[in-house]
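The next block holds one structure in the form of structure tokens; read it before the comments.
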Amino acid sequence: MIFDLIVRNGNVVTDEGEERLDVGVRAGQIAVLAPNLADAHALKKIDASGKLVFPGFIDAHTHMGIPIMDTDSCDDFESGSVAAACGGVTTIIDFTVHQLGQTLRESVQERLSKAERKSHIDFALHVNVTDQSEQRLGEIPTLIEEGFTAYKVFSTYRQAGMMVTWPEFRMVLRTVHRHAGLLCLHAEDNDLVEAQTDQNIAAGHRDAIYHPRSRTPEAEATAISRAAEIAEELDASLYIVHLSSRAGLEAGLRAKERGVKLILETCPQYLVLSEEKYLEQNGYHWITTPPLRTEEDSEALWQALADGHIEVVATDHCPFTSEQKECGRGAFHLTPNGLPGVETLFPLLYTYGVATGRISQARLVQVLAKRPAEIFGLAARKGTLAVGADADLVVWDPAATDVITADKLHGNADWSPYEGLKISGRLNYTILRGEILVEQGEFLGDKVFGNLLLADV
Ligand code: URP
Ligand code: ZN
Ligand code: ZN
């Protein structure tokens, strides 16, 4: 057999462990995984001796170019996908933006027009629902049949017109569940958030540190508990995005213990950063929702990640430049909220998870590849190193060291929330469907061939 590419002598890491294997790639798929393809013919061979070979990673939560507070997050699908590839991410799952008066299909078409022929990596979409009328909910069954199986609602952001009330949440969940889709929830109790925010602003407390004091762990926990009760009543699965706090986690675990089918996601910012960032001179740069928390919160999240209660780590990539953030200086409630993260997802999780012994390599593959692929219906092709899967590969040198600095990153943000953090390892290659996108830190993608992924139904 002649291969297009062979990645030789690497330690292949799967959700089960590590094995020394060669990977033979043909027509964009993994054709052979075998101990010795030394004598096989290939158009190109990569020597991965001493390196780790991972499946391409999935970032299940990104917002490329979304409108927030009169501006748009600064990465579009082009710059964001280059950044993703340079961090080992070969699939992103982005969110539609459901504007007032739009059908869900129009919102899907609009997002597709921003992604198609722009994204250098494969992408899928979660469908945001901000209007729960019969007509809009009536679109969901057909969209699910077509492979748009994941939906998203917010229990906050009332003033931005994005919030669902709990009765509305129940209606969306019932529809999505009936048609075997999956609903994702941004869980914060809006009444608590608005009351705390108003109180702080009225008292003249407008600095960045009042962001976590307005959007509290209690607000997260209250919303998770309420949503879990509704999911329990409907016997529906529910995916909680960007879990940030110990209190929120405990609310989720209480529900899971009584059998509620909650799937929990967290993000690197809640694992490696803390709310002390808000006290720095440019603390408002770190304003994201939910806010950064304390080290105790992070430790609880790491533990839940290690023991399997948190099943996905994704980034909530929603970057703004320092100029865009500027309007939030001294006014936490006016700052466009969100952080860059897609390029640093895997390096951070490897360094602060695997290299510190908090999680195993196999667990990292589960939360960054295998589980997101399974949960969002992409597992036939993505999230695994197996014969017949897409040849999405990451070659990582665990012996190298690096430091995160904004000038080395590839997105449009001119700053990084992780500036100066040390990284244990360095990315050698990112390969999408057998094509080399990144080699020794350099992005090579001269053609744009990211595809829309539809979920298996
Ligand atoms: O602050 C954030 N995370 N902005 C993006 C929208 C969201 O809530 O996920
Ligand atoms: Zn959110
Ligand atoms: Zn988000």
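The values are calculated or read from the model by the stated rules, or taken from the named source; none is laboratory data. These numbers were taken from a predicted model, which means no experiment stands behind them. Here the Cβ is made from the backbone with ideal geometry for all residues, glycine too, and neighbour counts use every protein chain on show. Surface accessibility is based on the protein's heavy atoms, side chains included, excluding ligands, DNA and RNA. Shrake-Rupley method; radii C 1.70, N 1.55, O 1.52, S 1.80 Å.
Matching residues to (1) open to solvent by 50 Å² or more (accessible area, probe 1.4 Å); (2) within 16 Å of ligand 2 (Cβ to nearest atom):
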site: Glu110; (1), (2): yes, no
site: Ser113; (1), (2): yes, no
site: His126; (1), (2): no, yes
site: Val129; (1), (2): no, yes
site: Phe148; (1), (2): no, no
site: Phe169; (1), (2): no, yes
site: Val176; (1), (2): no, no
site: Asp198; (1), (2): yes, no
site: His205; (1), (2): yes, no
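How many of the residues making up region 419-457 are outside any loop (DSSP other than H, G, I, E, B), farther than 22 Å from Ile404 by Cβ, open to solvent by less than 20 Å² (accessible area, probe 1.4 Å) and touching a Leu at 6+ places or on another chain (Cβ under 7 Å)? Write out each step before concluding.
Step one: of region 419-457, the residues outside any loop (DSSP other than H, G, I, E, B) are 422-432, 435-439, 442-443, 452.
If we keep only those that are farther than 22 Å from Ile404 by Cβ too, we end up with 431-432, 435-436, 452.
With open to solvent by less than 20 Å² (accessible area, probe 1.4 Å) added as a condition, the list becomes 431-432.
Narrowing further to those that are touching a Leu at 6+ places or on another chain (Cβ under 7 Å): 431.
Here the count works out to 1.
Please determine, by comparing only the residues of region 207-227 that are farther than 19 Å from Arg329 by Cα and β-branched (Val, Ile, Thr), which one is least open to solvent (accessible area, probe 1.4 Å). Quick ask: steps written out before the conclusion?
Let us first name the residues in region 207-227 that are farther than 19 Å from Arg329 by Cα, namely 216-227.
Right, trim to β-branched (Val, Ile, Thr) and you get 216, 222, 224.
On the way: Thr216: 27, Thr222: 52, Ile224: 1 Å².
Among those residues, the one meeting the criterion is Ile224.
Which residue, of Phe169, Phe148, is in a loop (DSSP other than H, G, I, E, B), under 17 Å from Ser237 (Cβ atoms), touching a strand residue (DSSP E or B) at 6+ places or on another chain (Cβ under 8 Å) and at pLDDT 95 or above?
On the way: Phe169 fails: in a loop (DSSP other than H, G, I, E, B).
Criteria check complete, one pass: Phe148.
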(message) When the residues of region 263-283 are narrowed to those that are touching a residue at least 24 places away in the same chain (Cβ under 8 Å) and over 17 Å from the mean Cα position of the chain (by Cα), which ends up most open to solvent (accessible area, probe 1.4 Å)?
(response) Leu279
(message) Quick check on region 235-248: of everything there that is open to solvent by 10 Å² or more (accessible area, probe 1.4 Å) and either within 19 Å of Leu271 (Cα to Cα) or small (Gly, Ala, Ser) (or both), which residue is nearest to ligand 2 (Cβ to nearest atom)?
(response) Ala247
(message) Tally up the residues in region 287-324 that are within 14 Å of ligand 1 (Cβ to nearest atom) and surrounded by fewer than 24 Cβ atoms within 10 Å (Cβ to Cβ), please.
(response) 2
(message) Cβ-Cβ distance below 7 Å, separation of 6 or more or different chains: which pairs start in region 284-296 with a residue that is within 10 Å of Pro336 (Cα to Cα) and within 14 Å of ligand 3 (Cβ to nearest atom) and end on one that is among the hydrophobic types (A, V, I, L, M, F, W, C) and not in a helix (DSSP H, G or I)?
(response) Ile287/Ala208; Thr288/Leu339
